[in-house]
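Remarks on the structure that follows.
The values are calculated or read from the model by the stated rules, or taken from the named source; none is laboratory data. Only a predicted model underlies this, so the values are computations on that prediction, with no experimental measurement involved. Every residue, glycine among them, receives a Cβ derived from its backbone with ideal geometry; neighbour counts consider all protein chains shown. When the accessible area is computed, the model is the full protein with side chains, heavy atoms only, and any ligands, DNA or RNA have been set aside. Shrake-Rupley method; radii C 1.70, N 1.55, O 1.52, S 1.80 Å.
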Amino acid sequence: MSSDLRISPRDRLVLNAIIELYIATGEPVASQTVARQLDNKDGMSAATIRNVMAALGEAGLLEQPHTSAGRCPISPGALTQERRDQIEDSFAGVSSPQQFLERTSHVLSLISSGVGVAMAAQAETYWLDHIHFSRISTGRVLAVLVTKSGMVLDRILTLDRDLSLAELEGAAAFLNQNFRGWSIERIRAELARRLEQERSQYDQLMRSLEELCRKGALERESAVQSIFIVGVANLVAGEADAEQLRQLLNALETKQRLIELLDAYVDARQQSVRVVVGLEETIPEMRNLVLIGAPARLGTQSLGTVAVIGSTRIAYQETINAVSFIAQLSDRILPTQ
């Protein structure tokens, strides 16, 4: 069976809702529950959702424990104690966060038959607290960015298009109200996505933000963020289309794009595993793939993000449990910093 399965945006919406509800309750999910969760989104009635669920079942993405039950993601089941012991044994000798993350990418790739990804946390040095723009003269702006750690980054921007004081204040207010607490990389990725989506109806605010960002308002001091990626061959093996294969390989090999992907979907403050079916909003080449990720912590500090990128036929519950188990394992086997 090919690992590559094309499903529609509507199917993804329903599948994501079922996975989220299943993670929250551990019980098979009924169509009425999905309908309440989606709240008639995209005009989908309970009857339409039932039809979508049936089609997802026929495609091998959902199973029904018995005829009167709802549906749940296909899975061989929870991690056994033996499996947990095997995972823990595979981390023998690991004594540093870097070693832990590198080993995690290998272990998750083996368990999931997908791509194992582990990314080091970005220091709060580069998380936005607030930003302010001051007009110095025509086409020249002082940008002052204050990070959560208290660092002040200021730079003079030379603009191609002069911005008024009102435009600068509007741009700063938008960034402060919408992105406080976000990493700078994540803000840049989200702004780029919004600018691309809304290009046909560009308003004054978005034009101002594009000019300021293009000129370096959200630049940070260069630093290498560690990310480990193992198992790319697992995904490309089932891809028959040569052009799509090339695009997928390029996306998987561009580490900065994967960093932006994890930043967009996995929040260091979340408590549970995040599952996202269809990743095209961030990386169009990954529209038919699934991300299962969670933050790993070391004491009260964020260690990073551990995740699996796989096909839509992935064994959801086993992979979710493996990601969750490894995310919590760091706190047990590593010395607190």
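Between the Cα long axis of helix 316-333 and the first principal axis of the chain there is an angle of about 60°, rounded to the nearest 10.
Say R0 is 35 Å: what FRET efficiency, to the nearest 0.05, do N51 and L205 get from their beta-carbon distance?
Values: r = 41 Å, r/R0 = 1.17.
The calculated FRET efficiency here is 0.30.
Determine the relative contact order of the chain: mean sequence separation of Cα pairs under 8 Å and six or more apart, normalised by residue count, in whole percent.
On the way: 565 pairs, mean separation 74.1, N = 337.
So the answer I get is 22 percent.
When the Cα gyration tensor is reduced to axis lengths a ≥ b ≥ c, the ratio a/c is 1.5 or higher for segment 208-337, and with a/b not above b/c it is classed as oblate. Relative to the longest principal axis of the Cα atoms of the chain, the long axis of helix 242-253 makes an angle of roughly 70 degrees. Measuring nothing but alpha carbons in the chain and taking Rh as the Kirkwood radius, the Rg to Rh ratio lands at 1.01. Computed packing ranks the peptides 90-102, 297-309 as 297-309, 90-102, most packed first, by mean other Cβ atoms within 10 Å.
Mark the label point 7 Å from the Cα of Q328 along Cα→Cβ and return the residues of segment 9-23 whose backbone N is within less than 18 Å of it. Answer for this model: 22-23.
Over the chain, give the accessible area per residue in Å² for a 1.4 Å probe, as an integer.
Values: 16030 Å² over 337 residues.
With the other protein chains kept in place, the chain gives 48 Å² per residue.
Run the helix sum for the chain: -39,500 (n - 2.57) per DSSP H stretch of 4+ residues, divided by residue count, reported at 222 nm to the nearest 500 deg cm²/dmol. Could you put the intermediate results ahead of the total?
Working: 12 runs with 149 residues, N = 337.
Calculated from helices alone, the mean residue ellipticity at 222 nm is -14000 deg cm²/dmol.
Subtracting the Cα-Cα distance of S137 and H106 from their residue separation scaled by 0.36 nm leaves 5.8 nm. Take every Cα pair under 8 Å whose residues are at least 6 apart in sequence, average their separation, divide by the length of segment 78-214, and the relative contact order is 18 percent. Label separation (A92 vs R297): 3.0 nm, computed from points 7 Å beyond Cα along the C-beta direction. Full extension of the segment from Q270 to I156, taken as 0.36 nm per residue of separation minus the current Cα-Cα distance, would add 37.5 nm. A Förster radius of 51 Å, combined with the Cβ-Cβ distance separating E63 from V146, puts the computed FRET efficiency at roughly 0.50. Any idea what angle helix 9-25 forms with the longest principal axis of the chain, computed on alpha-carbon atoms, 0 to 90 degrees, nearest 10? So the helix axis and the longest Cα principal axis differ by about 70 degrees.
Shown for segment 77-220: the carbon plus sulfur share of the solvent-accessible area, taken with all protein chains present and a 1.4 angstrom probe, equals 47%.
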